[in-house]
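Structure below; questions to follow.
The values are calculated or read from the model by the stated rules, or taken from the named source; none is laboratory data. Here the structure is a predicted model, which is why all the values come from computation and not from measurement. With ideal geometry, Cβ positions are generated from the backbone for all residues, glycine too; neighbour counts draw on all protein chains shown. Side chains are part of the model used for accessible areas, which takes the heavy atoms of the whole protein and leaves out ligands, DNA and RNA. Shrake-Rupley method; radii C 1.70, N 1.55, O 1.52, S 1.80 Å.
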Amino acid sequence: MKYNKIGKTGMVVSSLSFGASSLGGVFRDINQASAIKAVETAIEGGMNFIDVSPYYGHYKAETVLGKALKGIDRSKYYLSTKVGRYGKDGVNTWDYSAKRATESVFESMERIGVDYIDLINVHDIEFADLNQVVNETLPALVELREKGVVGHVGITDLQLENLKWVIDCVPEGTVESVLNFCHYTLNDDKLLDFLDYFEQHGIGVINASPLSMGLLSNRGVPDWHPAPKSLVDACRKAVEHCNAKGYPIEKLAIQFSTGNPRIATTLFSSANPDNVANNIAFVDEPIDMTLVEEVRDIIGNQQRVSWANS
C-alpha cells in the first residue's frame, strides 16, 4: 500500500481507502457481521482513512461503522464524515445551517463512538445555496476546528466547478481538502483539469467511486444509475473486453484510480470483506497500461460524459 499526504493537513493516508456508504445498505441489504469484518479487513490491510456520512443509510452507516471501530485502536485510522445531507424513514433532507452543522458533528461522534473527527466535510454542496456554504456552514466548521473538536475542514461535490467557486470565495486555509467522485476513473478523468488549482491553494484531493458507481463492474450498472445509455453501453463493452483478456475491469479501475500520487486517496465502498481484500491486493500489483488505453479507446467519445447528482 502506498501512502500520500492530504494537502497541508499532515494526514498521510493510504492510496486506497474505505468509503463506508455500503454499511448503510445504500446499494443493497447488508449482513452486519460481514460489514464489520469488511472494516476490520480494510484496516488490517493497511487502509487508514475511513469516510462516512450521516446521509448514508440515513444514519445507519455511521451506526454500523461505530460498532466496527469499537475494538480498533483510534490511532489506526483517520475518520472523515460530513454535514448537510440527512434523512429519515426513506426521505432525504438537506440542512446547511450553522446550527444544524454543529449539532450534526456531535451527533456523528456519538453514533460512531469517537470524541474527535479528523476531517469534517460539507456534503454535496451543489444541493446547497453556495453562499450559505461560504458564509454559514464553513465558518461553523472552522469554529469547531479552532476548538479542537475536528481536525480539518473540507467540501465535497460531483461538480468540480462548485468546489472551485467556494474555495475562491472563502479565506485561504478555510477549505483544506476536496472530495470529488466519478471524475478520476477509466471513463472520466476531468479531475486532472483541476489539480493545479487545488495544489496552488494547498488543498488535498480525495477521489471516490473508482468503478463509476458500478459502470465499471461485472455486476452491471444498477437500475438507479443516472448515466446516459450511451455511456452505459460503452462501459459494458469495456467490461467485456477486459473479461476477454482475463483481467477484471474492477482490478484495472482500482489500479488506475489509485495510481496518481497527486490524488491523496481513492475511496471505494464494500460491505464484503472478500471484496476489500481483493481490492487491496489489486493496488499492490502493476497495472497493464496497454489495457488501460484499449479500454479508453472503447469508451471513445463517451469519455468525460457525466450526469447530474441525485
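Do you know the relative contact order of the chain, to the nearest whole percent, from alpha carbon pairs under 8 angstrom that are 6+ apart? Walk me through the intermediate numbers first.
Working: 622 pairs, mean separation 65.0, N = 310.
For the chain, the relative contact order is 21 percent.
Under the Karplus relation 6.51 cos²θ - 1.76 cosθ + 1.60, θ = phi - 60°, what is the ordered set of whole-Hz ³J(HN,Hα) values for segment 191-203, x standing for Gly and Pro?
4, 4, 5, 10, 5, 4, 4, 4, 5, 4, 9, x, 9
What three numbers, in Å, describe the spread of the alpha carbons of segment 218-310 along their principal axes, ordered from the longest?
Between the extreme Cα coordinates on each principal axis of segment 218-310 lie 33, 31, 28 Å.
Could I ask something else about it? May I ask you to give the percent of accessible area on the chain that is carbon plus sulfur, with a probe radius of 1.4 Å? Spell out each step's value before the answer.
Details: 6280 of 12740 Å².
Carbon with sulfur: 49 percent of the solvent-accessible area.
Provide the per-residue ³J(HN,Hα) series for segment 97-104, in order, calculated from phi with Karplus coefficients 6.51, -1.76, 1.60 and θ = phi - 60°, each as a whole number of Hz, with x at glycine and proline positions.
Values, residue by residue: 5, 4, 4, 5, 4, 5, 4, 4 Hz.
Can you give the FRET efficiency for LYS8 and SER34, using 1/(1 + (r/R0)^6), R0 = 35 Å, r = Cβ-Cβ distance, to the nearest 0.05?
0.40
Another one. Using protein chains only and a probe of 1.4 angstrom, how many square angstrom of GLU240 are accessible, to the nearest 10?
Estimated to the nearest 10 Å², GLU240 gives 100 Å².
Over the chain, what per residue volume does the convex hull of the Cα atoms give, in whole Å³?
Details: hull volume 37.0 nm³, N = 310.
Convex hull of Cα atoms, per residue: 119 Å³.
Now a separate question. Taking a threshold of 32 Å on the Cα-Cα distance, which of the pairs LYS2/LYS164; LYS76/LYS245; LYS82/LYS251 fall above it? Working shown, then result.
Values: LYS2/LYS164 28 Å; LYS76/LYS245 38 Å; LYS82/LYS251 29 Å.
As for pairs spanning more than 32 Å Cα to Cα, those are LYS76/LYS245.
Sticking with this structure for a sec: Once fully extended, how much extra length lies between LYS76 and LYS164, figured as 0.36 nm per residue of separation less the alpha-carbon to alpha-carbon distance? The partial results should precede the final answer.
Details: separation 88, 0.36 × 88 = 31.68 nm, distance 3.18 nm.
My answer for the length gained is 28.5 nm.
On the full set of protein chains, 1.4 Å probe, figure out the accessible area of ASP284 and give it in Å² to the nearest 10.
For ASP284, solvent-accessible area is about 100 Å².
Let me ask something additional. Mind listing the long-range amide H neighbours of ASN48? Cut-off is under 5 Å, sequence gap 5 or more, other chains count too, H placed in the peptide plane at 1.01 Å from N.
For ASN48, the qualifying residues are SER14.
Quick check: the angle from helix 273-283's long axis to the longest principal axis of the chain, C-alpha only, nearest 10 degrees?
Once rounded, the angle reads 70 degrees.
Contact order normalised by length for segment 71-136, with contacts defined as Cα pairs under 8 Å and 6 or more residues apart; what percent is it?
Working: 67 pairs, mean separation 26.4, N = 66.
Contact order relative to length: 40 percent.
Another question about this same structure. Can you work out ³J(HN,Hα) from phi for every residue in segment 298-305, in order, using Karplus 6.51 cos²θ - 1.76 cosθ + 1.60 and θ = phi - 60°, giving whole Hz and x for Gly and Pro?
So the Karplus estimates, Gly and Pro as x, are 5, 5, x, 6, 8, 4, 6, 6 Hz.
So, one more: Give the angle, between 0 and 90 degrees and rounded to the nearest 10, that separates the Cα long axis of helix 229-244 from the longest principal axis of the Cα atoms of the chain.
60 degrees
Please compute, over every Cα-Cα pair in segment 14-83, the percentage with a separation greater than 16 angstrom.
Details: 955 of 2415 pairs.
Above the 16 Å cut-off, segment 14-83 has 40 percent of its Cα pairs.
Here's another thing I want to ask about it. Starting from the Cα gyration tensor of segment 24-168, take the square roots of the eigenvalues, sort them a ≥ b ≥ c, and report rounded, prolate or oblate (rounded when a/c is under 1.5, otherwise prolate if a/b is larger than b/c, else oblate).
Verdict is prolate for segment 24-168.
Take GLU146, GLU107 and sort them by solvent-accessible surface of the protein heavy atoms, 1.4 Å probe, largest at the top.
My answer, sorted largest first, is GLU146, GLU107.
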